[in-house]
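Readers should treat all values here as calculations from the given coordinates under stated rules, not as data from a laboratory. Nothing here was measured: the structure is a model prediction, and the numbers come from that model. Cβ: placed from backbone, ideal geometry, glycine included. Neighbour counts: every protein chain shown.
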Amino acid sequence: MDADEPIIPLPTAREKEVSFLARSGAVVTLRLIDTGRFEVKLDTRGDYTAVLLHDGESFDLRPAPGVRAIGGTGLSATDLYERF
């Protein structure tokens, strides 16, 4: 991880939901679904739901069916911070 890369806080078994402020000013909420699997919600888009997968190195973002948004694989924390 690059020293300048933003930290994306990930929920844990103890703290099942966390939020962070993205570059756009949107509050991104991550909720733990399963190990390495999180639900993503945005406060600026009530219709936005996605699944975020994290393998310890990179992220995969998969918008829910019917949600008009771009997903991606092999994303970094910076990619997520910038995207939201």
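Brief remarks follow.
- Separation between Cα centres of segment 55-71 and segment 9-36, rounded to whole Å: 14
- Against the set (1) 14.1, 54; (2) 15.9, 53; (3) 11.9, 36, the structure's computed Rg and Dmax of the Cα atoms in Å falls on (3).
- With K and R counted +1 and D and E -1, the other residues having a Cβ less than 14 Å from that of TYR48 yield a net charge of +3.
- Approximating the spin labels as points 7 Å out from Cα along Cα→Cβ, the THR73-to-THR29 distance works out to 3.0 nm.
- Cβ-based charge dipole, the chain, positive-most Cα from THR73, PRO6, THR49: THR49
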